[in-house]
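The values are calculated or read from the model by the stated rules, or taken from the named source; none is laboratory data. Small disclaimer: the values here were computed from a predicted structure and weren't measured. Glycine gets a Cβ as well: all are built from the backbone with ideal geometry, and neighbour counts include every protein chain shown. Accessible surface is based on the protein model in full, side chains and every heavy atom, while ligands, DNA and RNA are left aside. Shrake-Rupley method; radii C 1.70, N 1.55, O 1.52, S 1.80 Å.
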Amino acid sequence: GNSIEDINKLSVYAHGFHAKVYVALNTILSDSQLDEAEKIIRDVYRAGADALIIQDMGILNLDLPPIAIHASTQCDNRTPGKVRFLEDAGFSQVVLARELSLKQIKEIASVVQVPLEVFVHGALCVCYSGQCYISQALSARSANRGECAQYCRMPYSLTDGSGKMVINNKHLLSLKDLNRSDYLEDLLDAGVTSLKIEGRLKDLSYVKNITAYYRKKLDEIFERRTEYIPSSSGKTVFYFNPNPEKSFNRGFTTYFLKNREAGMASPETPKSIGESIGNVKDLFYNYFTVSGQKTIHNGDGLCFLNDKKELQGFRVNRVEGNRIFPAEMPRLTPGITLFRNFDQAFEKLLQKKSSERKIKVDFELQEHHFGFSLTVTDEDQFQATVNTEFKKEISQKNQQENIRTQLSKLGNTVFELQNINIRLSANRFIPSSILADLRRNVIGRLISVRKIAFPRTITKIHSTSHPYPETELSYLGNVSNKKALQFYEQHGVTSIGPAFETEVPENPVLMQSKYCIRYQFGCCPKKPGHSTEWKQPFSLINGNNRLRLSFDCKLCEMQVLK
């Protein structure tokens, strides 16, 4: 949904900080779309993008500009062998599967040189990325083409082998949101160099809040661990306190980063629950009180799980002391937990200017035979100098304060003055207009120096023929065009099945998931004291759709079949 013009504006802005812009084109393509994809890639490159994130290997056999190529998590990057193959194929970065543990990430990092990227925050797919076909199977909307109908967020009833309904109408495939903010240092130590925040369809306040939260976490690590440095320039100051609980979330999980944990799913609701604000204390005709410490504001959105364990929400009309008056009184009970999923005051704060990123610079003012020169040096040690001819005269007044005042006026530039070194042989008179011209000109020249020095990598993908980790590919390879077929053939794959989207295979697995419903509800046979009440086979039922569950306990995986 981003225009080429927008990508160009973003690239110009980002490159001023030597930050990079990646563009996702991680959809599988049909033969008829390859020419259009090639044109888009060329347009994106000319617009200034630094890398393209892809899933379809057919793209590597197009006539590409010299843009870096990143392997999307949709490529199902779970093993050292797969990541090593992608590195040898010319990929400049690999986005690992969300399901990997710290130990597995370390193992991969130890055998490859290619930079690794991991997800740290946002919505979780219950299926391995790139291996989900339930949306295509049930509604002809392909997740591999960016059209997922989100069947994992729908309610299902679970029946066992005897036909008994074990769980009724719960969101059994809907996971909580990822939050690994407490493990950033562990991820860096494991060999990760890029952190990914899932942000599809998220609004402005979400982006501001979550990126600020992780930026502050990283800056704190960099203060302590000087061997780690940011990959771009500048320091960001925030005018609010970021809090991920105040943005859309279904509750949080670290997923499989440390170990398999219970409570990864959010079976009651796929909607945002927000932050806990306390329990209902007393109920009255048109208001209630809460036993919590958080301040409630007029216009806040509150929610709770009712007696049917369904999420129910309401708007706060006004607040008087500890008395909360809803727009319409909900059916609350004393002791019930309330959550706030819309904080009116916080949202208003984020609609304003909420942060500022500046690059520190030092000025040095000197005199020469014909006038004065001003040199600027930024925090990356890029430097620029300008000279001006002006008759040197002794001033009757001390000029130090005026010089510092005029040179400090960096206004709307991305620079922030750190030090001024005034090296004049005497108390020279320099008009404010001359100082302003020197400042403007030297900053303009520094911007040009930084632009020239920006390390835009020239990466040309060359044809390779090293062996793919497997010699056979089923529909799980997502091969949907002749260029992709050609790619796998030249890398030694002898049997290649067509993509699910082009030809429906016989008895396909619609989902492969490391998340397991049996483990979630205490019925894992590998767990001591597990419940034995449930009898296989299990089925998920939603309307006319009936899905069968299969379990591979050796691999600790669950499969969903039609």
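Looking at the range 361-415 only, could you name the residues that are of a type in the set (Ser, Thr, Tyr) and outside any strand (DSSP E or B)? Answer for the range 361-415, where residues must be of a type in the set (Ser, Thr, Tyr) and outside any strand (DSSP E or B): Ser395, Thr405, Ser408, Thr413. Listed by position, the strands (runs of 3 or more DSSP E) inside the range 273-346 whose residues that are without any contact (Cβ under 8 Å) to a residue 40 or more places away in the chain and open to solvent by less than 20 Å² (accessible area, probe 1.4 Å) number at least 1 are 288-291, 301-305, 311-320, 323-326. When the range 371-408 is limited to residues that are aliphatic (A, V, I, L, M) and open to solvent by less than 20 Å² (accessible area, probe 1.4 Å), the one that is nearest to Phe454 (Cα to Cα) turns out to be Ala384. Whether any residue in the range 175-197 is at pLDDT below 95, surrounded by fewer than 18 Cβ atoms within 10 Å (Cβ to Cβ) and part of a loop (DSSP other than H, G, I, E, B) is what I want to check. No - not one qualifying residue is present in the range 175-197.
For (1) buried (at least 19 other Cβ atoms within 10 Å of the Cβ); (2) assigned to a helix (DSSP H, G or I), each residue gets a yes or a no:
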| residue | (1), (2) |
| --- | --- |
| Phe85 | yes, yes |
| Phe91 | yes, no |
| Arg98 | yes, no |
| Val114 | yes, no |
| Phe119 | yes, no |
| Glu147 | no, no |
| Leu158 | yes, no |
| Gly163 | no, no |
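Taking the numbered list (1) of a type outside the set (S, T, N, Q); (2) over 30 Å from Phe91 (Cβ atoms); (3) open to solvent by 80 Å² or more (accessible area, probe 1.4 Å) in turn, Asp437 passes all entries but (3). Count of the range 483-528 residues, restricted to those that are open to solvent by 40 Å² or more (accessible area, probe 1.4 Å), in a helix (DSSP H, G or I) and over 19 Å from Gly130 (Cα atoms), is 4. Each residue in the range 226-254 was checked for being closer than 27 Å to Cys152 by Cβ, open to solvent by 60 Å² or more (accessible area, probe 1.4 Å) and in a loop (DSSP other than H, G, I, E, B), and 1 pass.
Within the range 338-345, does at least one residue satisfy the condition of being touching an Asp or Glu at 6+ places or on another chain (Cβ under 6 Å) and of a type in the set (S, T, N, Q)? Yes, because at least one residue in the range 338-345 is touching an Asp or Glu at 6+ places or on another chain (Cβ under 6 Å) and of a type in the set (S, T, N, Q). Of all residues in the range 370-381, those that are at negative phi have Cβ atoms under 7 Å from Cβ atoms of residues that are open to solvent by less than 10 Å² (accessible area, probe 1.4 Å) and assigned to a loop (DSSP other than H, G, I, E, B), 6 or more apart or on another chain, in Phe372/Ile430; Glu379/Ser233; Asp380/Ser233.
Residues in the range 505-532 that are touching a residue at least 40 places away in the same chain (Cβ under 8 Å) and farther than 25 Å from Asn144 by Cα: Arg518, Tyr519, Gln520, Phe521, Gly522.
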